[in-house]
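Written out below as structure tokens is the structure these notes cover.
The values are calculated or read from the model by the stated rules, or taken from the named source; none is laboratory data. All values reported here derive from a predicted model rather than from experimental measurement. For neighbour counting, all protein chains shown are included, and Cβ atoms are generated from backbone atoms with ideal geometry for every residue, glycine included.
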Amino acid sequence: MLEIRNVSKTYSKGKIKAVDNISLEVRKGEIFGFLGPNGAGKTTTIKMIAGILPIDQGTITINGFDIEKNPVEAKLSMGYVPDTHDIYERLTGIEYLNFIADVYDVSAHDRKERIDKYLEMFEMKEAAGQPIKSYSHGMKQKIILTGALLHNPPLWILDEPLTGLDPRASHLLKQEMHEHCAKGNTVFFSTHILEVAEKLCDRIGIINKGRIIAVGTMDELRKSNDASLESIFLELTEEGSGRDE
């Protein structure tokens, strides 16, 4: 579903290597957690996957489409939730959702069904007619999530999706992630909440200083002990080097 091959990204005219020759394969039907300390290269990687940042070296393929050679097809295959709330705040919630549905050519029947579903799920029906600029942090997160999932993409790219969500909305989103993958689809998400990643993810990748230092299931990352994801993460990122699975 998602293939990252030998991808690198530098800033400051090549002086800062944010992502250093990373490769990952994320499979159909799995929830893949992408973890790392602040500044490790997580969001840079995600923005390259989403086609927001150009790739300096390597390739990224989504659902069989190269993000640089076939950007429209690749982007139609994904729903992207950024780690910031860059959104059209002068629109109402429902205007924003209809705009996104138009962009992705979602039919009138499907958009109504999906908008109703997510507004109900996130308890946003009453707020949908209000300007987005009046929304709280959590409400903006809910409307962005709804917009990203409206066209029912096979791949969800979620950068810190639980940030700002209340416990009920967080629980329901995690249920949606499971149900999405149970249908043969894929979720790729980053989070700083290691307990959530440990319980939710089928596999986990850890990036540090721009390089992938570990990839695997919890059992593979643990090796022969019962270490928590938190202890594994701290050990690997403190050392700055690790194990490739």
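Quick check: anything in region 153-161 of a type in the set (V, I, T) and more than 14 Å from the chain's Cα centre (by Cα)?
Taking region 153-161 and keeping what is of a type in the set (V, I, T), we get 157.
Next, from what is left, pick out any that are more than 14 Å from the chain's Cα centre (by Cα): none.
No, the conditions are met nowhere in region 153-161.
Hey, any hits in region 37-52 for a residue that's under 15 Å from the mean Cα position of the chain (by Cα) and over 30 Å from M218 (Cβ atoms)? Even if it seems obvious, please write down each step before you answer.
Step one: filter region 37-52 for residues under 15 Å from the mean Cα position of the chain (by Cα), giving 41-52.
Among the residues that remain, those that are also over 30 Å from M218 (Cβ atoms) are: 51-52.
Yes, that holds for at least one residue.
Limited to region 50-106, what total is found for residues that are in contact with a strand residue (DSSP E or B) (Cβ under 7 Å, 6 or more places away or on another chain) and either of a type in the set (G, A, S) or without any contact (Cβ under 8 Å) to a residue 24 or more places away in the chain (or both)?
Qualifying residue count, region 50-106: 8.
Looking at region 159-169 only, could you name the residues that are surrounded by 18 or more Cβ atoms within 10 Å (Cβ to Cβ) and either in a helix (DSSP H, G or I) or modelled with pLDDT of 95 or more (or both)?
A169
State whether the residues of region 114-136 include one that is without any contact (Cβ under 8 Å) to a residue 24 or more places away in the chain and assigned by TED's automatic domain parsing to the domain that holds E235.
Checking region 114-136: not a single residue is without any contact (Cβ under 8 Å) to a residue 24 or more places away in the chain and assigned by TED's automatic domain parsing to the domain that holds E235.
Across region 174-189, which residue is surrounded by the fewest Cβ atoms within 10 Å (Cβ to Cβ) among those that are in contact with a Lys or Arg (Cβ under 9 Å, 6 or more places away or on another chain) and either among the aromatic types (F, W, Y) or within 13 Å of G79 (Cβ to Cβ) (or both)?
Here the answer is N185.
Looking at D66, D102, which one is more than 28 Å from V7 (Cβ to Cβ), of a type in the set (D, E) and at pLDDT 95 or above?
D102
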